[in-house]
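Working notes, beginning with the structure itself.
The values are calculated or read from the model by the stated rules, or taken from the named source; none is laboratory data. Note that the structure is a prediction, hence the values are computed from the model and not measured. Glycine gets a Cβ as well: all are built from the backbone with ideal geometry, and neighbour counts include every protein chain shown. Remember, those area values only see protein heavy atoms, side chains included, never the ligands or the DNA or RNA. Shrake-Rupley method; radii C 1.70, N 1.55, O 1.52, S 1.80 Å.
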Amino acid sequence: MKKKAIGLSDDGYYVIFFISESEIGYKKTQINEMYYVSFIIVLLVSILYVIFRYILVLTLFIIPILVYLFTIAISLHLYKPEIYEKITKVEINDKIIKIHTSNKTFIIHRGKILGFTDQI
């Protein structure tokens, strides 16, 4: 069974596809950009709350969280790998997995939203 996960590299987040025991494919995601958009939304909601002092304005904090989670879900389910590489080394330390290839090192947290999912 093929697996995929969201992994962090030094230049951003990637959807990682485990092709086999010794090969992975990956594609860069837009999660970093959505994180910044969510941060700006949180700032705007905070400003609205300070201006209007209406407690229901705080329910708008749900919007950036939903945008961020929706971006992760789209990335995991719709992205296809663009670059394929051989795995040179894998380090497993509790719930953190480091996957080394010739060009990149990916860090994956198992059991979290950024962890493994079955490929659809």
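With contacts taken as Cα pairs under 8 Å at a separation of at least 6 residues, the chain carries a relative contact order of 33 percent. Would you please state the base-10 log of I(q)/I(0) at q = 0.20, 0.21, 0.33 1/Å for segment 29-77, with intensities from the Debye formula using one equal scatterer on every alpha carbon? Result of the Debye calculation: -0.64, -0.68, -1.14.
Here is how the number arises for the chain: DSSP H runs of 4 or more residues each give -39500 (n - 2.57), the sum is divided by the residue count, and the result at 222 nm is -11000 deg cm²/dmol.
If you roll a 1.4 Å probe over segment 29-77 with all protein chains in place, what percent of the accessible area is carbon or sulfur? Reported share for carbon and sulfur atoms: 81 percent. Panel note: the C-alpha atoms of the chain, placed on their principal axes, show extents of 57, 26, 24 Å (largest first). Projected label points at residue 32 and residue 51, each 7 Å from Cα along the beta carbon direction, are separated by 3.2 nanometres.
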